[in-house]
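Structure record follows, encoded as structure tokens.
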Amino acid sequence: MHIGAVMIFRGDPPTYDEFKAHIASRLDFVPRYRQKLVYPPYNTGRPLWADDPDFNLNYHLRHTALPKPGGERELKILASRLFSQALDRSKPLWEMFLVEELEDDRFAIIIKSHHAMIDGISGVDIGTVIFDVTPDAEPIVPKQEWKPKPLPSNISLLERGAKELATEPVKLGEKAISALRKPSSLAGRVGESAEGLAEVARALADAAPDVPLNVPIGPHRRITWTSAPLEDFKKVKDVFGTTVNDVVLAIAAGSVRKWLVKRGVDTDGLELRAMVPVSVRSDDERGQLGNKLATMRAPLPVYEPDPVARLEIVSASMDGLKQSKQALGAEVIARLNDFAPPTLLAQAARLTFSTRLFNLLVTNVPGPQIPLYVLGRKLERPYPVAFLAKNHGLAVGVMSYAGQVNIGLIGDFDAMPDIGQVRRGLNESLDELTAAAEEVENSIAPDKPKKAPSKKAASKNGAAPKSSKKTAPKG
């Protein structure tokens, strides 16, 4: 469950020593980067983060170069190999690679971090600490030399586990007493939470269909990526009255549909499920490391051949999910993780990432819309890399940055030899929607003010689109 990014920069690469000094000067801002997991004996409590007394930056920063011709194909092969290797859990859970010899006067930085350490929103926040917003930023000088705190002893870890068991019921009781002082508010929250949990239960009962995306997978990966102007996504969402995230899910559905058809799968009546992470990170938690995510199950109507109708179905479904209590139920479960013992928490995690719930992960993170720099070199493209859950052969990561939408695909090496077809399908599906949006715009009389039509006002061919409330036939 490590996630990360392949980041392509313009210019000559810095030397390893320059890069190391730059990262070292920023580590005080991200103390988790010098911490490792410490496990209580006999599974008496949860693991906790503690300073690594043997922290060595040379281990986490690597230096490598691409074979000739040093193009993006060679970079994708390298990234695939690096993301195939698990992180060493006896050390801080991150690695960074400075990659030289990328053609067209470019170089790359590849970063891996375990999902327990960082989520997408937190990753963007921490990235803005490591990066600069101007090419001529002044170097940071650490105020003092870092000295690790002593590791906790086994006895202290046992005591901590016992204290957790004793104090968590008290904390729950205090929250209950506080809530009882506002009975009307309490009743509303309890009712909404119960509805949310019921939504999650219904989702569990409605299993995701069995498709070639969901097969046993191994440790080896394939990584590829693509980019498109953010303006294209905004044009489509403005014309058809949706959101950028709806457009992302619609082109994912279109791409997977094309891939399934090429694989010889009958898509008639087939609706897949995508796991869509939802950040539950509050404003005062921004910039903190750790995982603050709940999940929603979004439908991917691969049965629908028309791209605009497919977008409308996705949009209507997502509107329904937002009005439902599914996200709230997922958040309730996420918050209850704070009180679950380790063994129960492990079982809950396995259930969360079960093929019963979803067919593939689609995660969309809004990134900074201003250029970022490392040692004066401009970041041109950051391609996000998600992770594969058990029996899931494909995951899609999406990140906007400086007017571009960058999409990273990670697939199982054996299950997805044709991952390039999915990448091409994303571009083709977006092209279909932008062409439909332009056709609608051009159909508006020039002497009339341009106004975004309703979802049911236009389709790709100018006729009334299929109902946005259409659902997949049963069976």
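Summary table
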{"quantity": "Packing-based order for 78-85, 266-273, using average beta carbon neighbours within 10 Å, highest first", "calculated": "78-85, 266-273"}
{"quantity": "For region 48-93, diffusion coefficient by Stokes-Einstein and Kirkwood Rh (Cα), 37 °C, 0.692 mPa s, µm²/s", "calculated": "253"}
{"quantity": "Other-chain or far-sequence residues with amide H under 5 Å of Glu380's (modelled H)", "calculated": "Ile8, Phe9, Arg10"}
{"quantity": "When each of Lys76/Lys112; Lys91/Lys378; Lys112/Lys262; Lys112/Lys390; Lys36/Lys112 is checked by Cα-Cα distance, pairs over 22 Å", "calculated": "Lys91/Lys378; Lys112/Lys262"}
{"quantity": "Which of Met296, Met7 has the fewest Cβ neighbours within 10 Å, and the rest in rising order", "calculated": "Met296, Met7"}
{"quantity": "Ordering of 251-257, 391-397 by packing [mean C-beta count within 10 Å, highest first]", "calculated": "251-257, 391-397"}
{"quantity": "Burial ordering of Glu428, Glu138, fewest other beta-carbon atoms within 10 Å first", "calculated": "Glu138, Glu428"}
{"quantity": "R0 of 25 Å, Cβ-Cβ distance Leu48-Lys143: FRET efficiency to nearest 0.05", "calculated": "0.45"}
{"quantity": "Exposure proxy ranking, count of Cβ atoms within 10 Å, fewest first, for Tyr16, Tyr303", "calculated": "Tyr16, Tyr303"}
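All of the numbers you see were taken from the coordinates with simple rules; none came from a lab. Please read these numbers as outputs of a predicted model, since none were measured by experiment. As a convention, Cβ positions derive from the backbone with ideal geometry for all residues, glycine included, and neighbour counts pool all protein chains shown.
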